[in-house]
Every structure is written in C-alpha cells, then in structure tokens.
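The values are calculated or read from the model by the stated rules, or taken from the named source; none is laboratory data. Values in this document were obtained by computation on a predicted structure and should not be read as measured data. Cβ: placed from backbone, ideal geometry, glycine included. Neighbour counts: every protein chain shown.
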Amino acid sequence: MMANAGHKPWDTRIFHKEARSLQRAGYKVVLIIPHSEDYEKDHIQIVSIPLPRKGWEQLVKCPWKILRKGLEQPKEAVFHLHDSELLLVGIALKIMGRRVIYDAHEDTPLQISYQHWIPGLIKPMYALFYKLLEKLAGWWFDAIIVAEPVIAKYFPLKKVVLIRNFPIAESFRREPIDADRKDYLTYVGLLSKVRGVVEMLEGHRLATEKVKVDFVLGGKFAPASLEQELLPKYKVQYRSWLSYDEMISVLFSSKIGIIVPHPIERYKTNYPVKLFEYMAAGLPVIAAKEGESANFVKEVSAGILVDPLDEKQIAEAIITLMQDPSQAKAMGLRGRQLIFDKYNWEKESEKLLQLYQTLGDV
C-alpha cells in the first residue's frame with residue numbers, strides 16, 4: 001500500500017515508476033491519495049481522501065485521513081510512505097505492528113530552510129523536528145528508500161536502499177525525428193527564483209537578439225504571485241503543469257533542455273529528474289556547473305555547463321546550440337544513449353523489487 005499527501009496524484013516516481021513496477025511484478029498496489037473519487041487505473045486501486053482546501057489541511061488533516069484508510073487494508077500489507085508529513089502516520093502504524101517503508105525523495109531538513117511560506121524564526125525548530133522524526137523513522141521503520149545519496153546521512157545505513165529517480169527508458173524509446181523538433185528551448189519543473197527562472201528568462205531574452213528560439217515553460221510558479229510578476233515582462237510559451245505524457249511530447253518537439261538552479265546546498269547534491277528526462281529525449285542540455293548533477297553531463301559531454309547566476313553565459317550557451325545544430329544533436333544523442341545504457345528506471349526498479357521480496361510481501 002502506497003500513501004502520499006503532498007505529491008500530485010500521478011506523480012512520476014510514485015505512480016508511473018514504483019507503483020507500476022510493483023503491480024507488474026505481481027503485487028496488489030493500493031494508492032491512498034487526496035483525490036476526487038475512488039477508482040482503478042492501470043490495475044492499481046486508487047483510494048481517495050478529500051482534497052485539502054488549505055495548506056494546513058495537507059499537513060494536519062490529510063495524514064490522519066490516510067491513516068484511517070490505511071488501517072482498512074490487510075494486516076500483512078506493507079505501508080510505503082512518500083511524504084515527510086506522513087512520518088507520524090508511519091510511527092502510529094509501527095505501534096500497531098504494521099510494516100512500514102519511508103521513501104525519502106528530498107533532504108527534508110535542508111528543504112525546510114528554503115521554504116518561502118515558513119516564517120524565518122520557526123524554520124530552525126521546524127527543521128530540527130523533522131530531523132529527529134526522521135531519526136526515529138530510520139530506527140523503527142522496516143526500510144528507508146532514498147532517491148539521492150546525500151539523503152542517506154539521516155538514516156541507519158543498514159536500512160537504506162538507494163533507488164535513484166532516473167527516467168523510464170521505455171517511455172522515451174521513440175526515435176527523435178529532426179523534422180518534429182521546433183526552435184524550442186524548454187524547461188519543465190517548479191518555477192521559482194531559486195530554481196533559476198529569472199536567469200533562464202533573461203538568458204533567453206538575450207539569446208533572441210542573435211538567434212530565433214522560443215522558450216517553452218511547463219510547471220507551476222512558487223509562489224503563485226511570481227507568475228504575474230514575471231510573465232508580462234518576457235515572451236514565452238507558458239504551458240502550466242504538464243502531465244507525464246504531455247511532458248514527453250514537449251521534450252520530443254524541442255531542441256534544447258535547460259535546468260540551472262542556484263548554487264545553494266540543496267541543489268549541489270540533488271539529482272534533478274528533469275535533467276535525465278531531457279537527455280532521454282535526445283536533448284542537449286544547458287545545466288548548472290555546480291553540484292553532482294553536472295557530472296552526468298560531463299560523463300559523455302551531453303551539453304553545456306554554465307554559471308547559473310550568469311544570464312550572459314546562459315544566453316551564449318543557447319546561441320551556441322542553436323547555431324551549431326550538428327554539435328547539439330551529437331550531444332543529445334550521447335546523453336540519450338547514456339540514459340538507455342546506464343541511468344534508467346528499469347535498472348533502479350530491480351532494487352525496489354528486491355526490497356519487497358526481502359520484506360516477504362508477495
């Protein structure tokens with residue numbers, strides 16, 4: 001049984017990767033999520049709880065509604081939790097003798113320090129609370145899954161399984177067709193200042209002084225007010241939030257993928273899944289030279305690394321790739337082959353299935 005309170009219903013890692021992999025391996029998968037109705041999708045049972053109307057409801061009401069729904073499941077079920085706000089639910093389940101896995105997608109204590117909605121004076125105490133809560137979870141839960149190596153530092157290593165958030169190679173198996181590629185520079189993901197949205201917009205604006213290239217943005221702004229602050233100033237194609245299939249279609253119709261988060265601690269150690277999805281779609285990437293993710297680009301020279309705070313460098317990278325399509329295509333194909341050969345979900349999912357076999361839930 002999987003539960004999530006803060007991710008979108010069809011979150012790529014939770015639904016498309018983990019839930020589907022377990023279902024195909026013969027497990028009965030029940031996904032408890034905030035949604036409008038109960039139903040079945042791809043042989044996975046969706047059990048809904050009411051959608052939260054306010055942020056505090058997601059943090060307070062949703063977890064306990066998920067707990068009540070979870071207790072309706074068979075006692076032999078494995079509870080696979082995907083959000084830090086569900087850790088208390090996991091502890092309650094352990095008290096009741098259930099088996100629990102915590103899937104840590106993010107460095108939660110570090111992430112708290114960057115949340116714009118948390119008052120500054122509260123952040124240190126809030127981060128400490130989750131650090132202690134994760135310590136307790138690591139000691140008591142049956143297993144901890146981490147999406148990135150840096151997250152493992154919060155948990156007992158003997159319980160940690162690293163299952164990285166690499167792309168589903170099969171989703172990207174179609175051959176890129178040059179005629180389908182438009183003069184698009186594309187970014188898909190959360191749109192925030194710390195993730196470089198201002199520098200990307202300004203870099204694109206500077207690049208259009210020399211080359212013809214449209215900027216396609218897919219995602220939600222955080223905070224929401226940022227949309228009205230920025231979009232009237234720049235010429236872009238804003239697609240808002242994209243479904244998984246829509247995202248793949250956009251990537252196969254683009255010529256460049258870009259991801260340039262600011263060089264803060266959180267982004268120096270994370271593995272941005274969009275980087276790997278760009279590569280899987282055969283896109284040359286413009287990426288930040290800071291952090292561990294840059295090593296994947298360097299491994300096969302799959303793009304151009306830039307100072308993420310330098311709009312001129314970003315613009316120059318866009319111009320270089322647009323003016324030299326043969327070099328850009330070669331970069332994209334090298335990155336694509338690297339994903340198919342080495343960094344893909346099909347390989348990572350083997351560790352997920354092995355973990356469930358170890359827990360004995362067939």
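Residue selection: LEU333 fails the criterion of being surrounded by 15 or more Cβ atoms within 10 Å (Cβ to Cβ) and not assigned by TED's automatic domain parsing to the domain that holds SER293. Scanning the stretch 264-288 for residues that are assigned to a helix (DSSP H, G or I) and under 16 Å from the mean Cα position of the chain (by Cα) yields ARG266, TYR267, LYS268, THR269, VAL273, LYS274, LEU275, PHE276, GLU277, TYR278, MET279, ALA280. Residues in the stretch 143-189 that are touching a residue at least 12 places away in the same chain (Cβ under 8 Å) and out of contact with any helix residue (DSSP H, G or I) (no Cβ under 9 Å at 6 or more places or on another chain): LYS182 alone.
Being closer than 28 Å to ALA179 by Cα and either surrounded by fewer than 23 Cβ atoms within 10 Å (Cβ to Cβ) or assigned by TED's automatic domain parsing to the domain that holds HIS16 (or both) is a description that does not apply to MET279.
Quick test of your reading of the structure: ALA137 fulfils all but one of (1) under 25 Å from LEU359 (Cα atoms); (2) in contact (Cβ under 8 Å) with a residue 60 or more places away in the chain; (3) buried (at least 20 other Cβ atoms within 10 Å of the Cβ). Name the failing condition by number. Checking ALA137 against (1) under 25 Å from LEU359 (Cα atoms); (2) in contact (Cβ under 8 Å) with a residue 60 or more places away in the chain; (3) buried (at least 20 other Cβ atoms within 10 Å of the Cβ), the one that fails is (2). Take LEU206 and decide whether it is in contact with a strand residue (DSSP E or B) (Cβ under 8 Å, 6 or more places away or on another chain), closer than 24 Å to GLN313 by Cα, part of a helix (DSSP H, G or I) and at pLDDT 95 or above. Criteria not met by LEU206. Across the stretch 242-263, the number of residues qualifying as assigned to a loop (DSSP other than H, G, I, E, B) and farther than 19 Å from SER171 by Cα comes to 4. For VAL89, indicate whether it is in contact with a Lys or Arg (Cβ under 7 Å, 6 or more places away or on another chain) and not basic (Lys, Arg). The answer is no for VAL89.
Across the stretch 32-65, what is the total count of residues that are in contact with a helix residue (DSSP H, G or I) (Cβ under 6 Å, 6 or more places away or on another chain) and under 21 Å from TYR356 (Cβ atoms)? Total meeting the criteria: 4.
ARG174 meets each of the listed conditions (1) within 17 Å of GLU246 (Cβ to Cβ); (2) in contact with a Lys or Arg (Cβ under 6 Å, 6 or more places away or on another chain); (3) exposed (fewer than 14 other Cβ atoms within 10 Å of the Cβ) apart from (2). Could you list, ordered by first residue, the pairs with Cβ atoms under 8 Å in which the first is in the stretch 119-130 and closer than 15 Å to THR108 by Cα and surrounded by 15 or more Cβ atoms within 10 Å (Cβ to Cβ) and the second is aliphatic (A, V, I, L, M) and modelled with pLDDT of 75 or more, at least 6 apart or interchain? These pairs meet every condition: TYR130/LEU87. Within the set ALA92, ALA19, ALA5, the sole residue that is in a loop (DSSP other than H, G, I, E, B) and either surrounded by 15 or more Cβ atoms within 10 Å (Cβ to Cβ) or modelled with pLDDT of 80 or more (or both) turns out to be ALA5.
Looking at GLY196, GLY219, GLY189, just one residue is under 29 Å from LYS17 (Cα atoms) and either touching a His at 6+ places or on another chain (Cβ under 7 Å) or outside the structural domain of LEU309 (by TED's automatic domain parsing) (or both), and that residue is GLY196.
Scanning the stretch 291-318 for residues that are in a loop (DSSP other than H, G, I, E, B), surrounded by fewer than 19 Cβ atoms within 10 Å (Cβ to Cβ) and in contact (Cβ under 8 Å) with a residue 24 or more places away in the chain returns GLU292, SER301, LEU309, ASP310.
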